[in-house]
1. Quick one: what pairs do we get from region 6-24, first residue on the phi > 0 side of the Ramachandran plot and part of a loop (DSSP other than H, G, I, E, B), second at pLDDT 80 or above and surrounded by fewer than 11 Cβ atoms within 10 Å (Cβ to Cβ), C-beta under 6 Å, 6+ apart or different chains?
2. Looking at the structure I just gave you, is residue 80 surrounded by 12 or more Cβ atoms within 10 Å (Cβ to Cβ), touching a strand residue (DSSP E or B) at 6+ places or on another chain (Cβ under 8 Å) and modelled with pLDDT under 80?
3. Keeping to region 68-89, report how many residues are closer than 17 Å to residue 12 by Cβ and part of a loop (DSSP other than H, G, I, E, B).
4. I'd like to check something: does region 47-63 contain any residue that is assigned to a loop (DSSP other than H, G, I, E, B), out of contact with any helix residue (DSSP H, G or I) (no Cβ under 6 Å at 6 or more places or on another chain) and closer than 15 Å to residue 14 by Cα?
5. Scan 48, 102, 39 and give me the residue that is crowded, with 19+ Cβ neighbours inside 10 Å, modelled with pLDDT of 85 or more, in contact with a strand residue (DSSP E or B) (Cβ under 6 Å, 6 or more places away or on another chain) and closer than 16 Å to residue 4 by Cα.
6. Suppose the filter is at pLDDT below 80 and surrounded by fewer than 13 Cβ atoms within 10 Å (Cβ to Cβ); does residue 90 pass it?
7. Which of the numbered conditions does residue 123 fail, given that it passes all the others? Conditions: (1) farther than 17 Å from residue 2 by Cα; (2) exposed (fewer than 13 other Cβ atoms within 10 Å of the Cβ); (3) at pLDDT below 85.
8. Could you tell me whether residue 111 is touching a strand residue (DSSP E or B) at 6+ places or on another chain (Cβ under 6 Å), touching a residue at least 12 places away in the same chain (Cβ under 8 Å) and either surrounded by 14 or more Cβ atoms within 10 Å (Cβ to Cβ) or on the phi > 0 side of the Ramachandran plot (or both)?
């Protein structure tokens, strides 16, 4: 997966993105193959900050209603809810990585959180 931030972000927030992902505000699709050579490159309003290779682990450690309009989570029924994670990468725990761009955009019952992570991107370990 890619880790990106917004070009205009001064807070240093990091988000997960899947390879080949396209969202409404991108001028083009993210590269289809995750490669560290893309770190620092800009795609529309995004800057790739790092890559998380296959097999990387992250742990959900919080929820947030602070989701962007760009991920599509805000436009789904239910509560727009993002997840904050700790990503274990390069021997370091990176806290506060946000999942809204790898969450499923699906209908849920009103009053329920819309926060499921796409199972084709990440799997739950017990």
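The values are calculated or read from the model by the stated rules, or taken from the named source; none is laboratory data. All values derive from a computational prediction rather than experimental measurement. Neighbour counts run over all protein chains shown; Cβ positions are idealised from the backbone, glycine included.
1. Note: pairs meeting the criteria are 20/32.
2. Judged against the criteria, residue 80 is a match.
3. The total comes to 1.
4. There is at least one residue in region 47-63 that is assigned to a loop (DSSP other than H, G, I, E, B), out of contact with any helix residue (DSSP H, G or I) (no Cβ under 6 Å at 6 or more places or on another chain) and closer than 15 Å to residue 14 by Cα.
5. Result: 48 is the single residue among 48, 102, 39 that is crowded, with 19+ Cβ neighbours inside 10 Å, modelled with pLDDT of 85 or more, in contact with a strand residue (DSSP E or B) (Cβ under 6 Å, 6 or more places away or on another chain) and closer than 16 Å to residue 4 by Cα.
6. no
7. For residue 123, the failing item is (1).
8. no
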